[in-house]
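First comes the structure, then the notes that go with it.
None of the figures in this text is laboratory data; all of them are computed from the coordinates on show. This one's a predicted model, so the numbers in the text were calculated from it and none came from an experiment. Positions of Cβ are backbone-derived with ideal geometry, glycine not excepted, and every protein chain shown enters the neighbour counts.
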C-alpha cells in the first residue's frame with residue numbers, strides 16, 4: 001500500500017473522528033462559558049447532509065426563514081375587535 005493510498009483510505013474515518021472530537025471540545029467550552037446558539041459542528045453536519053438530501057436543504061431554509069419571523073403570544077387576545085370596530089382596554093392582572 002502506497003502512502004497516498006493510506007492517506008486516502010484513512011481520510012474519511014479521520015475526518016469523522018475529528019468532527020466528533022471538535023464537537024466534544026465545543027460542547028464543553030459552551031457549557032463552561034454559558035454560550036448559546038448553534039454549535040459549529042452541527043452546522044457542518046447539516047450542510048454536509050444537505051449536499052445529498054434536497055429535503056434537508058429545504059428544512060434548513062425553512063429554519064432560517066422562521067428564525068427571522070417575529071413570534072407573537074398566541075395565548076393573549078388582541079386588544080381590538082376588527083369586525084365590530086372597537087378597542088378593548090387591557091387591565092393589568094391583579095396580584096393577591
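Multiplying the residue separation of residue 12 and residue 55 by 0.36 nm and removing their Cα-Cα distance gives an extension gain of 13.1 nm. Fewest-first ordering of 57, 28 by other beta carbons within 10 Å of each residue's beta carbon gives 28, 57.
Going by neighbour counts of Cβ atoms within 10 Å, the residues 52, 22 line up, fewest first, as 52, 22.
By the beta-carbon count within 10 Å of each Cβ, the least crowded to most crowded order of 44, 53, fewest first, is 53, 44. Extension gain for the segment residue 22 to residue 1, taken as residue separation times 0.36 nm less the Cα-Cα distance, is 4.6 nm to one decimal.
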